[in-house]
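This report refers to the structure that appears directly beneath it.
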Amino acid sequence: MNSVSTPAKIILFGEHAVVYGYPAMAVPVSALRTTATITPGTHFEIIAEDTGEVIPSHQIQLALDNALAAMAHTTLKWLNRPAPPVTIRLRSDIPPAAGLGSGASVSAALGRAIAQALNTPLENSALNQLVYNIEKMYHGTPSGIDNTVIVYEQPVYFIRDQQPEPFNIRSPLTLVIANTGQQSLTKIAVGDVRRLYEDDPSYTKPILSGIGALVDHAKAALAEGDLVRVGALMDENHALLRRLTISSDALDQLVEAARSAGALGAKLSGGGRGGNMIALVEPSAVEQVRSALVAAGATQTFTTVVSQMDT
Ligand code: PMV
């Protein structure tokens, strides 16, 4: 029996605007993972332990309306190999529909597990493309940032359709992540921003370009290790996302609670309308910010430290 695993991700800056060609920055969350365990057997089968889904091989051959079946199908096709006689069990710590990239993480873990079971190399660039294709089928018009940060498991400065770049983090970032407990489909939020953009471009375009400019300021502040500035830019990013109608009362309450408890800055992260927010904190303030978030209604909190090469 052996296993492979893939991380969750958070978007530090630039969600939504990234769909329109502006830059965004995201980091992996290595403590929250999807694990795919491979057990030899008589036939190919995928078991998603969190949902209880069991996907037999005939469903994979047809890739019938199911993201796991479609991912297995396209991976086998890419590797040009028949399905191996193994059971792949998927288990994820990542809350679904919460802006943490659970879908991309599960697809990436499955692709890697299939390649491992076949003892065939699968380059990150190919896996990234395969996962992106699944994201497109099931999540509308994704920018590709989720699959990129998850497959490479590195912080990325990302512009749609361009080669992702690493970025410098001079001082480690201590982030408290808090879940509103409200599931929210990114596809719907992205569609609503699209409608706002089409109906009222003179309102929407300056917000999107404002987010784009702020991402570049954040990149510079991260490289300088100016965490006070990074926090202030997170606050600004949240304000712009609110104007895009992407926040929610629960997100605003958590953002406010984190700031009042001493966070350097806070914002929603990911698709918004629910899901998670992130707060940048001094290491000594983790507990007070975490307690304030729980008191303000967070259903789960996680702490992660993001540094240059390792997260
Ligand atoms: O909600 P998530 O974690 O899938 O993040 C979505 C990020 C968006 O910018 C809103 C959409 C995208 O495809 O980049």
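The values are calculated or read from the model by the stated rules, or taken from the named source; none is laboratory data. These numbers come from a predicted model, not from an experiment. Glycine gets a Cβ as well: all are built from the backbone with ideal geometry, and neighbour counts include every protein chain shown. Each accessible area value is taken on the protein alone, full model and side chains, heavy atoms only, with ligands, DNA and RNA left out. Shrake-Rupley method; radii C 1.70, N 1.55, O 1.52, S 1.80 Å.
Just a few scattered comments:
- Bridge type composition, the chain - antiparallel percent by DSSP, nearest 5: 90
- Ordering HIS238, ALA223, PHE167 by Cα displacement along the dipole of the chain toward the positive end leaves PHE167 in first place; charges were set at the Cβ atoms of Lys, Arg (+1) and Asp, Glu (-1).
- Shape category assigned to segment 92-192 from the gyration tensor of Cα positions, a/c cut at 1.5: rounded
- Qualifying GluC sites (Glu not before Pro) for segment 91-164 [loop in DSSP, other Cβ within 10 Å: at most 11]: GLU123
- Net length available on complete extension from VAL54 to SER260 is 69.6 nm, with 0.36 nm assigned per residue and the Cα-Cα distance removed.
- Segment 1-84, accessible surface, carbon-and-sulfur percent (1.4 angstrom probe): 55
- Burial order of peptide ranges 240-252, 266-278, 19-31 (average beta-carbon count within 10 Å, highest first): 266-278, 19-31, 240-252
- Per residue, the chain exposes 41 Å² of accessible surface when a 1.4 Å probe is rolled over the protein heavy atoms with every protein chain present.
- The helix-only estimate of mean residue ellipticity at 222 nm for the chain, built from DSSP H runs of length n ≥ 4 each weighted as -39500 (n - 2.57), is -14000 deg cm²/dmol after division by the residue total.
- Hydrodynamic radius of segment 237-296 per Kirkwood, over alpha carbon pairs, in Å: 11.3
- Reachable lysines from LYS187, criterion Cα separation under 18 angstrom, eight or more residues apart if same chain: LYS9, LYS136
- Using a Förster distance of 45 Å, the FRET efficiency for THR303-ALA126 (Cβ separation, nearest 0.05): 0.85
- When the chain is described by a simple charge dipole with +1 on each Lys and Arg Cβ and -1 on each Asp and Glu Cβ, the residue from LEU68, GLY140, ALA296 located farthest towards its positive end is LEU68.
- Segment 4-92 shape via C-alpha gyration tensor axes, a/c threshold 1.5: prolate
- Mean shadow area of segment 157-266, taken as a quarter of the surface of its Cα convex hull (nm²): 7.8
- Kirkwood estimate for segment 50-97, i.e. one over the average of 1/r between Cα atoms, Å: 11.8
- When the convex hull of its Cα atoms is projected in every direction, mean area for segment 203-245 (nm²): 2.6
- Rounded if a/c under 1.5, otherwise prolate or oblate - segment 220-267, Cα gyration tensor axes: oblate
- The C-alpha atoms of segment 1-156 occupy a region whose extents along the principal axes are 47, 28, 28 Å, arranged from largest to smallest.
- Cα-Cα pairs of the chain separated by more than 28 Å (percent): 38
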